[in-house]
Amino acid sequence: MDMEPFTAGLISLEDAQQKMLQQLTPISDCLSVSLFEAAGRITAKPISSPLDVPPFDNSAMDGYAVRLHDVAADRLLPVAGKAFAGAPFNGVWPEGSVIRIMTGAPVPAGCDAVVMQEQTEQRDGGIVITAEVRNGQNIRRIGEDIQAGKQVLDAGVRLGAAELPLLASLGIAEVSVLRKLRVAIFSTGDELQAVGQPLAEGQIYDTNRFTVSLMLKKLACEVIDLGVIADDPEALRQAFSEADRQADVVISTGGVSVGEADFTKAMLEELGAITFWKLAIKPGKPFAFGRLANSWFCGLPGNPVSAAVTFYQLVQPLLATLTGQTTRIMPLRQRARASQRLKKSPGRLDFQRGILSRGEDGVLEVRSTGAQGSHVFSSFALADCFIVLDRERGDVEAGEWVEVEVFNNLLEG
């Protein structure tokens, strides 16, 4: 199928990601932070366990610690003592008796197995075991989960609700992490007004810079907000120079679409180099990537949805790569059945906003959030996924299969 003229020269998303990411070298500066301040940070080096987990043999059940040679059918076994988590049994354990033991308690010396209380009968003077007993049953052995010295996390791991409790369980109070990326942001356009200020005639709120700032903070970046820059070459030159002086990455919003790009493009050519300018995706065709003297530059489109999509699909992996993140960044794509007709013109990879559900037959289904215009940001508030429609694909009929990409925590609540 022939491309329409306005899409023929556009670079694919995959090519853009490859051209961008292959140029990057991760930062190496690191520091030690408290575990309580480490959420969202990236590990600077592998982390090994300083101890065995569990640190001692302990009971996996509430029940009775026994020695196998004491166990016999219908034999009455007196209870010689008790062992609790944090309060082990340290007394003399007489032959022919058992020790009452709770989950997590250290097993007493000589214990061969723990019999759960449901497999015993209470009798006057003790208990009778009512089930077969196997050597080692219901005992968690020292180091069974993690052995001292074993690596538990690699370098390049983003620390979150799964990783931090693991480190806490090992008694690790501080962790070496990479420093935060410094990201300078500004918007261009005389029509933009800061959120919270009254609008003059012809003005709109600068939601893009607000959105980008929120996403950068979720990614644990240090945000340098340079505000709104007027549509003036000298003002833009000063903004680029100031941002490049302070930041690892410079992100602008607006001023990169056809008819608006002259100032921004001229500044990039003057102060650095452009790698690519326009993408074969929808929304988000006018996305610029390049290099300044000291930093990388990403120019996001002015339309709010386009800015969010290009940030998610391009800036997010760029930032992760610069921080040395080795864990998976983008969510996996999966198949879903379209529950309604979806409009699509061939020529660009389309990221429509969708809502997932289960059909009556249990199959994953997706429907559109409604209007998909690049100015309709409410589509994100309603959505939980992207419906990813191939570049060459046309309209999708209800019942056809599509790919969906469930939002990661960058776009989740």
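The values are calculated or read from the model by the stated rules, or taken from the named source; none is laboratory data. Everything quoted here is computed from the prediction, not taken from an experiment. Here Cβ is always computed from backbone atoms with ideal geometry, including for glycine, and neighbour counts include all displayed protein chains. The accessibility values were calculated without ligands, DNA or RNA, using every heavy atom of the protein model including side chains. Shrake-Rupley method; radii C 1.70, N 1.55, O 1.52, S 1.80 Å.
Brief remarks follow.
- Condition met for Ile129 (at pLDDT 90 or above, β-branched (Val, Ile, Thr) and closer than 30 Å to Phe36 by Cα): no
- With respect to the conditions (1) open to solvent by 50 Å² or more (accessible area, probe 1.4 Å); (2) over 30 Å from Asp154 (Cα atoms); (3) assigned to a loop (DSSP other than H, G, I, E, B), Ala39 lacks only one, and its number is (2).
- Residue within region 251-266 that is open to solvent by less than 20 Å² (accessible area, probe 1.4 Å), free of Cβ contacts under 8 Å to residues at least 60 places away in the same chain and in contact with a strand residue (DSSP E or B) (Cβ under 9 Å, 6 or more places away or on another chain) present: yes
- Among residues of region 293-308 that are farther than 20 Å from Gln17 by Cβ, those with a Cβ under 6 angstrom from a residue that is of a type in the set (Phe, Trp, Tyr) and not in a helix (DSSP H, G or I), sequence gap 6+ or separate chain, pair up as Pro304/Phe377.
- Subset of region 335-350 (residues that are more than 26 Å from Leu10 (Cα to Cα) and either open to solvent by 20 Å² or more (accessible area, probe 1.4 Å) or without any contact (Cβ under 8 Å) to a residue 40 or more places away in the chain (or both)): Arg335, Arg337, Ser339, Gln340, Arg341
- Enumerated helices (runs of 4 or more DSSP H) restricted to region 283-396, each holding at least 2 residues that are farther than 30 Å from Arg179 by Cβ, touching a Ser or Thr at 6+ places or on another chain (Cβ under 9 Å) and of a type in the set (Gly, Ala, Ser): 378-382
- Filtered residue count, region 43-72, keeping only those that are assigned to a loop (DSSP other than H, G, I, E, B), over 26 Å from Ser97 (Cα atoms) and among the small types (Gly, Ala, Ser): 2
- Residue in region 187-220 that is most open to solvent (accessible area, probe 1.4 Å), counting only those that are in contact (Cβ under 8 Å) with a residue 40 or more places away in the chain and more than 32 Å from the chain's Cα centre (by Cα): Asp190
- Single residue of Gly149, Gly160, Gly227, Gly136 found to be modelled with pLDDT under 95, surrounded by fewer than 17 Cβ atoms within 10 Å (Cβ to Cβ) and assigned to a loop (DSSP other than H, G, I, E, B): Gly160
- Within region 205-214, not a single residue is out of contact with any Gly (no Cβ under 8 Å at 6 or more places or on another chain), of a type outside the set (Ser, Thr, Tyr), at negative phi and part of a strand (DSSP E or B).
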